[in-house]
Amino acid sequence: MTMLPRAYREGGLLVWRHLLTLVWLNLIWLVLSWTLILAGPVTLAVYALIATSMRQDRDPELRALPVLLRRNLLPGVLWLLTVVLFVFLLYTNVTFWPGVLGPFGGVLVVLLSAYLIWLFVALQPYLLEALSVTRLPFLAAWRAAFLGLARDPVAAHLYVLIPIAVIILSVLFRTFAMSILVSVALTFAAVQVKPFEEQTEPPDEWPDEPPRP
């Protein structure tokens, strides 16, 4: 266990402690994401709830989710549009340049595109933190995301294995994926940015020694 990256250990601990809450958060995310326009805001809202409560060793209050959803409406829509634009540009370049550059150039384009996808996903924990918790303006949030990745590039790139595992499990166990996997990925993202702050219980107080006769 000690050989695992810190975010893996702490994320697994939070998932174990708050499994039922994560199921509810994931179901809420699924319902609101069906509207498409709310997919971005609800992603930021769920991340903010996890980061501001579970990361501080507190049970999240689902009642706070509507307020967080309204607060993250515009940043969430902008974040979703960025994801859509990134996918569109990547698809057009992967389909266009191999035909122009030939087989060898096509392989280079595919490899470069694969790394850009990896880098884009590695930036997401820091971007979600900056948008929904720190509440930076959109361009400043991207700057903060790149700085966060630059501070710990190895751990940031290793985080991408979590979404990959989520996708694999989604393909293998569709019912299970529908109930928990998005909120699990956001939990690991939250502890990727900042460590879990476990609250230590105060020591038991012994009663005063009775007076001697």
For LEU81: the one exception among (1) at pLDDT 95 or above; (2) in contact with a helix residue (DSSP H, G or I) (Cβ under 7 Å, 6 or more places away or on another chain): (2)
THR82 more than 27 Å from VAL46 (Cα to Cα), out of contact with any Cys (no Cβ under 9 Å at 6 or more places or on another chain) and of a type in the set (Ser, Thr, Tyr): no
Residues that are under 17 Å from LEU127 (Cα atoms) and touching a helix residue (DSSP H, G or I) at 6+ places or on another chain (Cβ under 8 Å), drawn from region 84-101: PHE86
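For (1) hydroxyl-bearing (Ser, Thr, Tyr); (2) in contact with a strand residue (DSSP E or B) (Cβ under 6 Å, 6 or more places away or on another chain); (3) over 22 Å from GLU198 (Cα atoms), each residue gets a yes or a no:
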| position | (1), (2), (3) |
| --- | --- |
| TYR8 | yes, no, no |
| GLY12 | no, no, no |
| TRP16 | no, no, no |
| TRP29 | no, no, yes |
| LEU32 | no, no, yes |
| THR35 | yes, no, yes |
| VAL42 | no, no, yes |
Yes/no for LEU128 being under 17 Å from VAL83 (Cβ atoms) and either open to solvent by less than 30 Å² (accessible area, probe 1.4 Å) or outside any loop (DSSP other than H, G, I, E, B) (or both): yes
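I'm checking my understanding of the structure. Among residues of region 178-187 that are open to solvent by 30 Å² or more (accessible area, probe 1.4 Å) and of a type outside the set (Val, Ile, Thr), which one is modelled with the highest pLDDT? Quick ask: steps written out before the conclusion?
Kept after step one, since they are open to solvent by 30 Å² or more (accessible area, probe 1.4 Å), are these residues of region 178-187: 178-179, 182.
After this cut, where a residue has to be of a type outside the set (Val, Ile, Thr) as well, the list is 178-179.
Numbers: MET178: 63, SER179: 68.
Result: SER179.
Might you let me know whether region 96-112 holds any residue that is at pLDDT below 95, at negative phi, surrounded by fewer than 12 Cβ atoms within 10 Å (Cβ to Cβ) and under 19 Å from the mean Cα position of the chain (by Cα)? Talk me through it step by step, then tell me what you get.
If we filter region 96-112 for residues that are at pLDDT below 95, which is where we start, we get 96-112.
Then keep just the ones that are at negative phi; that gives 96-101, 103-112.
Those still in the list that are surrounded by fewer than 12 Cβ atoms within 10 Å (Cβ to Cβ) too: 96, 99-100, 103-104, 111.
Still in the list and also under 19 Å from the mean Cα position of the chain (by Cα): none.
No, region 96-112 contains no residue that is at pLDDT below 95, at negative phi, surrounded by fewer than 12 Cβ atoms within 10 Å (Cβ to Cβ) and under 19 Å from the mean Cα position of the chain (by Cα).
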Some residue of region 131-139 being free of Cβ contacts under 8 Å to residues at least 40 places away in the same chain and among the small types (Gly, Ala, Ser): no
Scan of region 1-11 for residues that are among the aliphatic types (A, V, I, L, M) and open to solvent by 80 Å² or more (accessible area, probe 1.4 Å), ordered by number: MET1, MET3
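Just the residues that are of a type in the set (D, E, K, R) and at pLDDT 95 or above, please, taken from region 136-168.
Here is the first cut: in region 136-168, the residues of a type in the set (D, E, K, R) are 143, 151-152.
Passing the criteria: only ARG143.
Could you identify the single residue in LEU14, LEU73, LEU90, LEU30 that is under 23 Å from THR134 (Cα atoms), open to solvent by less than 80 Å² (accessible area, probe 1.4 Å) and touching a residue at least 12 places away in the same chain (Cβ under 8 Å)?
On the way: LEU73 fails: open to solvent by less than 80 Å² (accessible area, probe 1.4 Å); LEU90 fails: under 23 Å from THR134 (Cα atoms); LEU30 fails: under 23 Å from THR134 (Cα atoms).
The match here is LEU14.
The values are calculated or read from the model by the stated rules, or taken from the named source; none is laboratory data. None of these values were measured; they are calculated from a predicted model. Positions of Cβ are backbone-derived with ideal geometry, glycine not excepted, and every protein chain shown enters the neighbour counts. The protein model used for the area step is the full one, side chains on, heavy atoms only, and it has no ligands, DNA or RNA in it. Shrake-Rupley method; radii C 1.70, N 1.55, O 1.52, S 1.80 Å.
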